[in-house]
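Written out below as structure tokens is the structure these notes cover.
The values are calculated or read from the model by the stated rules, or taken from the named source; none is laboratory data. Just so it is clear, the structure is predicted and the values come from calculations on it, not from any experiment. All Cβ positions, even for glycine, are placed from backbone atoms using ideal geometry, and neighbour counts span all protein chains on display. Side chains are part of the model used for accessible areas, which takes the heavy atoms of the whole protein and leaves out ligands, DNA and RNA. Shrake-Rupley method; radii C 1.70, N 1.55, O 1.52, S 1.80 Å.
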Amino acid sequence: METLRLRTLQQPSHIERLLEALVSRADLLPKDSYQIRDPSTLPPQLQTLVAQAAQEGRVWGCWANSYETCLFTCEMSLARSRERGVPVLLVNRYGESGELQDAGSWMSDPEGKWRRCAD
């Protein structure tokens, strides 16, 4: 992938849209969930993770339903994106109490289907 195009895709707004597409299309969200956009409404543990992600240049997205809250943080890997020729996201998933539940790299195919990379 061309470096200029990748740098454009690395803008936080682009990565946020990629993260939203990933979690919705890869079936990572709790059933009947809604997106939380205001970090001040999150539990304190998740607010800390959101602040830490922002300091590290990562974007975040949070979804919840009546029973659970899922926070995702991510960044795009330039090196892996260049290798594979498509955007590759490095994603962490946290539970409501701030525990890391999953971490991995994900890529989208040309049709917009997301799959986990076999690192």
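Quick notes
- Of all residues in the range 51-87, those being in a helix (DSSP H, G or I) and open to solvent by 10 Å² or more (accessible area, probe 1.4 Å) number 10.
- Sole residue being exposed (fewer than 12 other Cβ atoms within 10 Å of the Cβ), at pLDDT 90 or above and over 18 Å from Ser105 (Cα atoms), chosen from Ser33, Ser40: Ser40
- Evaluation of Ala26 against (1) among the aliphatic types (A, V, I, L, M); (2) at pLDDT 95 or above; (3) surrounded by fewer than 18 Cβ atoms within 10 Å (Cβ to Cβ) (one fails), failing number: (2)
- For the range 88-113, the set of residues classified as open to solvent by 70 Å² or more (accessible area, probe 1.4 Å) and charged (D, E, K, R) consists of Glu96, Glu99, Glu111, Lys113, listed by residue number.
- Pairs linking a residue in the range 55-83 that is under 21 Å from Ile36 (Cβ atoms) to a residue that is of a type in the set (S, T, N, Q) and in a loop (DSSP other than H, G, I, E, B), with Cβ atoms under 8 Å and 6 or more positions apart or on different chains, are Trp63/Ser33; Ala64/Ser33; Asn65/Ser33; Cys70/Ser33.
- Contact map, the range 38-50: first residue more than 14 Å from Gly61 (Cβ to Cβ) and in a helix (DSSP H, G or I), second residue of a type in the set (D, E, K, R) and open to solvent by 30 Å² or more (accessible area, probe 1.4 Å), Cβ cut-off under 9 Å, separation 6 or more or different chains; pairs are Gln45/Glu96; Gln45/Glu99.
- Failed item in (1) on the phi > 0 side of the Ramachandran plot; (2) in contact with a strand residue (DSSP E or B) (Cβ under 6 Å, 6 or more places away or on another chain), with Cys117 passing the rest: (1)
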